[in-house]
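What follows is a single structure, written as structure tokens, with notes after it.
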Amino acid sequence: MELNTLRQFLVVARLEHLSRAAAELRVAQPSLSRTIARLENELGTPLFDRAGRLRLNAAGRLFGEHVERALGELDAGRRAVAEATGAGFGSVRLASETFLALTGPLAAYKRAHPSADVVLQQMSAEEMARSLRAQDIDLCVASQPIPAEGLEAALLLDEPVGVVTSLDHPLAGRTSVRVDDLAGRPFVTARKGHWQRSLLDRLFAERGLTPKIVCEADEATAIQELIRAGLGIGLNPGVARHTALPYPVAWIPVDHPGCRRTLTLHWGTGNHLPDAARLMRTTLTGWNWQTGEPEDRPA
């Protein structure tokens, strides 16, 4: 069973689509189809259901979990050997839904450890949990809950989330707003799956309401510019008032105990973290997220 075959299987399993998998892998679709067929013959069972569209079946899901762990261990082994033999300081692979809140500690880390390679990957919470277990990444910072099985965590930040408006918006002069005050007002927000969108949908659903969304975007800076231009309002964490909003806008607290954002650092239970990743974990857990500086710790 060749490693390349296993890697190709994982891509097909993730996409559940042969032509898209072949395009991502840059191989011919007939060749990829034969590779999967040979793997199934070797295992003695189908890994996909082929009625209609391609679907990973129970055997495929079970096999995929083992393949992810096996390939993750091999990669971890290669990195451990490189570290032990002094072939470089090492690298750290960090994932997050957005890196806007992480620019301060990331810059501090690179200043302190300039020879470390930092690889950043933007992905959803679901993708982060899967990638940690497969050891495709070392650490992740999530702004919403992710499945905790097989993972360890450290809370980095718990902060209020407020409504951001243009300075001339009718809400701009308010000291606080309720969720009912936001009903019917146009929102500029992220797409489904992002923590801000999940929070917005949850707050409105509790009141039996549906937010009026006039724009969904992937770029955080574009969202903020559209809000500043008066096209709508949006949700923003408290720390963004000091780090991510260099232009004048209004930030109004929401009178709701659940209108908060938590930043949580996760890593795999039992995973061997290389030195670079352990130092990144120390940097993130030792950061003062309110002041944007390292915590002052007693000697």
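In the set Leu167, Leu157, which member is among the aliphatic types (A, V, I, L, M) and over 21 Å from Gly193 (Cβ atoms)? Spell out how you get there, then give the answer.
Numbers: Leu157 fails: over 21 Å from Gly193 (Cβ atoms).
None of the other options fit; the residue is Leu167.
Do we have any residue at all in segment 225-241 that's modelled with pLDDT under 80, of a type in the set (Gly, Ala, Ser) and either closer than 24 Å to Tyr109 by Cα or out of contact with any strand residue (DSSP E or B) (no Cβ under 8 Å at 6 or more places or on another chain) (or both)?
Of segment 225-241, the ones modelled with pLDDT under 80 are 239-241.
Those still in the list that are of a type in the set (Gly, Ala, Ser) too: 240.
Add one more test, that the residue is either closer than 24 Å to Tyr109 by Cα or out of contact with any strand residue (DSSP E or B) (no Cβ under 8 Å at 6 or more places or on another chain) (or both), and what stays is 240.
The answer is yes; a qualifying residue exists.
Filter the strands (runs of 3 or more DSSP E) completely within segment 196-289 down to those with at least 2 residues that are surrounded by fewer than 16 Cβ atoms within 10 Å (Cβ to Cβ) and touching a residue at least 24 places away in the same chain (Cβ under 8 Å).
Details: elements: 212-217, 234-237, 250-253, 260-268.
Here the list reads 212-217, 260-268.
Among the candidates Ala190, Ala205, Ala222, which residue alone is over 20 Å from Pro160 (Cα atoms) and in the same structural domain as Asp158 (by TED's automatic domain parsing)? Outline the logic, then answer.
Working: Ala190 fails: over 20 Å from Pro160 (Cα atoms); Ala205 fails: over 20 Å from Pro160 (Cα atoms).
Ala222 is the lone residue from the list that is over 20 Å from Pro160 (Cα atoms) and in the same structural domain as Asp158 (by TED's automatic domain parsing).
When residues of segment 185-195 are filtered for being surrounded by fewer than 19 Cβ atoms within 10 Å (Cβ to Cβ) and at pLDDT 95 or above, how many remain?
Kept after step one, since they are surrounded by fewer than 19 Cβ atoms within 10 Å (Cβ to Cβ), are these residues of segment 185-195: 185-186, 191-193.
Going one step further and asking which of them are at pLDDT 95 or above, we end up with 185-186.
Count: 2.
With the checklist (1) touching a Phe, Trp or Tyr at 6+ places or on another chain (Cβ under 9 Å); (2) among the small types (Gly, Ala, Ser); (3) over 30 Å from Trp287 (Cβ atoms) in hand, flag the one item Ala205 doesn't pass.
(1)
Looking at Gly173, Gly184, which is the one that is part of a loop (DSSP other than H, G, I, E, B) and on the phi > 0 side of the Ramachandran plot?
Values: Gly173 fails: on the phi > 0 side of the Ramachandran plot.
Every option except Gly184 fails the conditions.
For segment 142-156, which residues satisfy the criterion of being in contact with a Lys or Arg (Cβ under 8 Å, 6 or more places away or on another chain) and surrounded by 15 or more Cβ atoms within 10 Å (Cβ to Cβ)?
If the condition is that a residue be in contact with a Lys or Arg (Cβ under 8 Å, 6 or more places away or on another chain) and surrounded by 15 or more Cβ atoms within 10 Å (Cβ to Cβ), then Ser143, Leu151 are the ones that fit.
When the residues of segment 168-182 are filtered to those that are closer than 14 Å to Val254 by Cβ and touching a strand residue (DSSP E or B) at 6+ places or on another chain (Cβ under 8 Å), which remaining residue is surrounded by the most Cβ atoms within 10 Å (Cβ to Cβ)? Spell out the reasoning first.
In the first step, residues of segment 168-182 are kept if they are closer than 14 Å to Val254 by Cβ; the result is 171, 174-182.
Subset that is touching a strand residue (DSSP E or B) at 6+ places or on another chain (Cβ under 8 Å): 171, 174-179, 182.
Numbers: Leu171: 17, Arg174: 15, Thr175: 7, Ser176: 13, Val177: 20, Arg178: 12, Val179: 19, Leu182: 22.
Filtering segment 168-182 for residues that are closer than 14 Å to Val254 by Cβ and touching a strand residue (DSSP E or B) at 6+ places or on another chain (Cβ under 8 Å), the one surrounded by the most Cβ atoms within 10 Å (Cβ to Cβ) comes out as Leu182.
The values are calculated or read from the model by the stated rules, or taken from the named source; none is laboratory data. This structure is a prediction, so every number in the text was calculated from the model and none was measured. When we count neighbours, we look across all protein chains shown, and the Cβ atoms used for this are built from the backbone with ideal geometry, even at glycine.
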